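Trainee: Sending over a structure as structure tokens; questions will come in a sec.
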Amino acid sequence: MVHKFDKDASPPSVHVSDLAAFYTLLTGKIVQKEPVASGEDGYYFVYAHKTHWWDTMQRLAEALYARGLVTAPKVEVWPSDEMAAEYLGFPRPFVRAMGTKNPQLVPIKTYELGWQPKWDEERFLGSLDDEIQAVLESDPVKNIFSHTLVSGKQKR
């Protein structure tokens, strides 16, 4: 069963390859001794798009159902924050904020450096099926998420 919170959220997101590209760009500028913001002015909010949790969970449910890993292609609301905290492995006081908040960040400095992310929400959602397949093909001994996904049990 795939779960969602009773309130949708759309947190800022960035694909790991775009994040790596940003830090490669920033490091290159530092090595070349180009001026970059630093100290109190050197905070870089690196995100390329927002990710809507409900859309993401629905795509996951459909892809998992197609593989026979869940019993229905629909998403259910978590029965309680306690259950969400237990299954997600987040401390109870923080799990709701993790799943329902919409932080408002403005990534000005990242773009001023010339960063150009390649991933957007559509590409992310379109990649979920491939990501699930990659997890299923990975070594479960090395990948705790794979164990959780396939067995439905949280490792403790």
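Just so you know, all these numbers are worked out from the coordinates, no wet-lab data involved. Quantities reported herein were computed from a predicted structural model and do not represent experimental measurements. Counting neighbours? That spans all protein chains shown, and the Cβs are built from the backbone with ideal geometry, glycine included.
Trainee: I need Glu122, Glu86 ordered by Cβ neighbour count within 10 Å, fewest first.
Mentor: Glu122, Glu86
Trainee: Now for a different question. Distance from a point 7 Å along Cα→Cβ of Arg123 to each backbone N in region 16-30: keep the residues under 11 Å and list them by number.
Mentor: Correct set: 16-19.
Trainee: If you don't mind, another one. Which one of Phe45, Pro35, Ala61 is farthest out on the positive end of the charge dipole of region 24-71, using unit charges on Cβ (Lys, Arg +1; Asp, Glu -1) and the Cα centre as origin?
Mentor: Ala61
Trainee: Related question: Taking the Cα centre of region 20-117 as origin, sum charge times position over the Cβ atoms of Lys and Arg (+1) and Asp and Glu (-1), and report the length of that vector in debye to the nearest 20.
Mentor: For this selection, approximately 160 debye.
Trainee: Can you give the local net charge around Leu136? Use residues other than it whose beta-carbon is closer than 13 angstrom to its beta-carbon, Lys and Arg +1, Asp and Glu -1.
Mentor: -4
Trainee: Using amide H atoms built 1.01 Å from N in the peptide plane, name the residues 5+ places from Val2, or on other chains, whose amide H lies under 5 Å from its own.
Mentor: Glu76
Trainee: Kindly list the residues of region 1-32 that lie in the label zone of Ser38, defined by a backbone N under 12 Å from the point 7 Å along the Cα-to-C-beta vector.
Mentor: Under cut-off, by backbone N: 27, 29-32.
Trainee: What percent does the relative contact order of the chain come to when contacts are Cα pairs within less than 8 Å and at least six residues apart?
Mentor: 33
Trainee: Give the residues of region 1-27 whose amide nitrogen is closer than 15 Å to a point set 7 Å from the Cα of Leu113 in the direction of its Cβ.
Mentor: 14-27
Trainee: Quick one: which residues, 5 or more positions from His49 or on another chain, have an amide H under 5 Å from its amide H? H modelled 1.01 Å from N in the peptide plane, none for Pro or chain starts.
Mentor: Answer set, sorted by chain and number: Ser13.
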